[in-house]
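Throughout, read-outs are computed from the coordinates displayed, never taken from laboratory work. The model shown is predicted, which means the values in this text are computed figures rather than measured ones. As a convention, Cβ positions derive from the backbone with ideal geometry for all residues, glycine included, and neighbour counts pool all protein chains shown.
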Amino acid sequence: MEQGSRQELPPPAPFYRSIFSEIEEVGWEHLVRSEEDLSSLSFRILDKNGRAHILEIALPRNYPESAPSIAADVPYICDIEWSKSSKLKNIVQQFREHLQKLQEFWSIMEDIDRNLWILDPKQPSLATSYRQICLGNDCSLLLNVYARNAWSLPECRFFGPDSTVNLLRNNWRKNSRKWTKDKHFHENLAILLETTLPRPHTVSNKNDEQVDCGICYAQYLPVDDEFGDNSGSAPDYTCENLSCSRAFHTVCLRDWLRSITTTRQSFDVLFGNCPYCSEPVAVKVSVLKGYLFMNRQNRISLVTLRTQKPFILFFFPITAFKSMNEFKQSRGGLQTSQQHTIRTTIRF
């Protein structure tokens, strides 16, 4: 048999007993996943501020003679000190010490997310060290925070109109020496840029800049009787997932949900998922009451009770039906109030 085709034998029984013993030292309650041959172990570790981290440890075939490798949701991995007498608990302890060094970095990133309008990323991980921040006036700032020295002046790149960007860049250079650990990160940014930075965006905040609907990509609905009270309105629904917070027109979101086969309806509420983050969303189904009538061109229209103006719902020759009774049956048994007028309720 060829050397390359030989299957590796499983580790001997003492190997498993040794690993089980080392897991016991770390704590079985921290183990969240393991391979059948114990070649990979994942532990859930909490830092001092309650953030949960998954530490993945890959064990080599000749463990513990060779050091294991690790991976985790951190901006950079620590160097593991290892000897033949080292155990899993030593790795976990070194990882905890590494997490302690990163507390300042994560506190700064949380300060940025809490106080500034973040354009990207929408759902940052604990390993993400950059943020793109809205500055207003069609400008944004891409920041890269140095995880090893989080309070140092961050790397930055400006985006927007040249005239505004040049002014912001000059302010940054002129005021860079004012950067200090005595102030919050977002306060330092405002001082350096000599401007007021937009707060985190929500549709309900009237002082925020308007944003486009995540479905129709327009700020305002058309001014049209078709939209009733929503005519010309701005996005009025926001995804409740704080990492998403995408804005929508309720009308657009309702139509989008109806196009998805997984959408459920209970009474007058549609239940589905956000188009961007897949978190649950729910919108009411509006009810529009009016009259269907046959015009001179033998076509069916709807006159709403609210505006008394015709809103064309569908078109087809009335002669396509042998009688009004047949038409009523085709529309679900609508009740006739006059010979050529049908009163109904249309759901949108």
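Distance cut-off 30 Å, Cα to Cα: go down the list LYS48/LYS174; LYS48/LYS122; LYS89/LYS183; LYS101/LYS178 and report the pairs above it. All intermediate terms of the calculation are to be shown ahead of the outcome.
Details: LYS48/LYS174 38 Å; LYS48/LYS122 25 Å; LYS89/LYS183 38 Å; LYS101/LYS178 25 Å.
Correct reply: LYS48/LYS174; LYS89/LYS183.
So if the hydrodynamic radius of the stretch 11-100 is defined as the Kirkwood radius over C-alpha pairs, what does Stokes-Einstein give as its diffusion coefficient at 25 °C and 0.890 mPa s, in µm² per second?
In µm²/s, the coefficient rounds to 183.
On a C-alpha basis, how far is the centre of the stretch 132-167 from the centre of the stretch 9-73 in Å? Whole number, if you could?
40
Which one of GLY136, TRP106, PRO154 is farthest out on the positive end of the charge dipole of the stretch 105-193, using unit charges on Cβ (Lys, Arg +1; Asp, Glu -1) and the Cα centre as origin?
With unit charges placed on the Cβ atoms, the residue in question is PRO154.
Could you give the spread of the C-alpha atoms of the stretch 225-284 along their three principal axes, from largest to smallest, in whole angstroms?
The principal-axis extents, from largest down, are 31, 27, 17 Å.
How much net charge surrounds TYR237 when only the other residues with a Cβ under 14 Å from the Cβ of TYR237 are counted, with Lys and Arg +1 and Asp and Glu -1? All intermediate terms of the calculation are to be shown ahead of the outcome.
Details: positive: ARG246, ARG254, LYS284; negative: ASP212, ASP236, GLU240, ASP255, GLU279.
Net charge around TYR237: -2.
In terms of modelled amide H atoms, which long-range or inter-chain residues lie less than 5 Å from the amide H of LEU119?
Under 5 Å from the amide H of LEU119 lie the amide H atoms of GLN132, ILE133, CYS134, each far enough along the sequence or on another chain.
If we restrict to alpha carbons, what Rg and Dmax does the stretch 105-193 come to, in Å?
My reading of the Cα-based Rg and Dmax gives 12.5, 35 Å.
Sort 189-198, 250-259, 158-167 by the packing proxy (mean of other Cβ within 10 Å over each peptide's residues), most packed first. Mind dumping the intermediate values first?
Details: 189-198: 16.6, 250-259: 18.5, 158-167: 13.6.
Highest mean packing first, the order is 250-259, 189-198, 158-167.
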